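Remarks on the structure that follows.
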Amino acid sequence: MIQRFDVGARLSEMAVHQGVAYLAGQVAADGSQDITGQTTQVLAQIDALLARAGTDKSKILMCQIFITDLADFPALNAVWERWVASGNAPPRATVQARLAKAEWRVEMVVTAAV
């Protein structure tokens, strides 16, 4: 059985199947903020989605991060390191990419155990 959350015409924000939660790419609701603000927003959205699936950030299996400017990497890491569950830092990849909207500075895709 596949459980989908916030299903739209184009995508679902999350799907849960066989004990794994797959999150869609999460971006900041307020794109006017800098990388610190946008990263904080994205991580809060991830927390909220994981809670809805009955899990949390300590169970993240993988995180893929897309940033528009590699100069933002240190500031992104500073927010990430305050947020990540101590002793449970997941495998992670960070790449530079052009995102769908020019104001977005970061997008994260998470997979987590439920």
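The residues on offer are Leu49, Leu61, Leu99, and the sole one that is closer than 14 Å to Ile35 by Cβ, out of contact with any helix residue (DSSP H, G or I) (no Cβ under 7 Å at 6 or more places or on another chain) and in contact (Cβ under 8 Å) with a residue 12 or more places away in the chain is Leu99. The sole residue among Ala97, Ala21, Ala28, Ala53 that is of a type outside the set (Lys, Arg) and surrounded by fewer than 18 Cβ atoms within 10 Å (Cβ to Cβ) is Ala97.
Of all residues in the range 64-108, those satisfying the criterion of being modelled with pLDDT of 95 or more and among the polar types (S, T, N, Q) are Gln64, Thr68, Asn77, Asn88, Thr94, Gln96. Of everything listed in (1) in contact with a strand residue (DSSP E or B) (Cβ under 7 Å, 6 or more places away or on another chain); (2) on the phi > 0 side of the Ramachandran plot, the single unmet condition for Val95 is (2). Only strands (runs of 3 or more DSSP E) whose full extent lies in the range 18-98 are considered here, and the ones with at least 3 residues that are within 24 Å of Met1 (Cβ to Cβ) are 20-23, 60-67. The residue that is nearest to Ala112 (Cα to Cα), counting only those in the range 1-17 that are out of contact with any Phe, Trp or Tyr (no Cβ under 9 Å at 6 or more places or on another chain) and part of a strand (DSSP E or B), is His17. Within the range 1-46, how many residues are among the aromatic types (Phe, Trp, Tyr) and under 30 Å from Pro74 (Cα atoms)? The total comes to 1. Could you check the range 1-17 and list, in sequence order, the residues that are surrounded by 10 or more Cβ atoms within 10 Å (Cβ to Cβ), hydrophobic (A, V, I, L, M, F, W, C) and over 16 Å from the mean Cα position of the chain (by Cα)? The one that is surrounded by 10 or more Cβ atoms within 10 Å (Cβ to Cβ), hydrophobic (A, V, I, L, M, F, W, C) and over 16 Å from the mean Cα position of the chain (by Cα): Val7.
The values are calculated or read from the model by the stated rules, or taken from the named source; none is laboratory data. In this text the structure is predicted, and so the values were computed from the model without any measurement. Don't worry about glycine lacking a Cβ; one is built from the backbone with ideal geometry, like all the others, and counts go over all protein chains shown.
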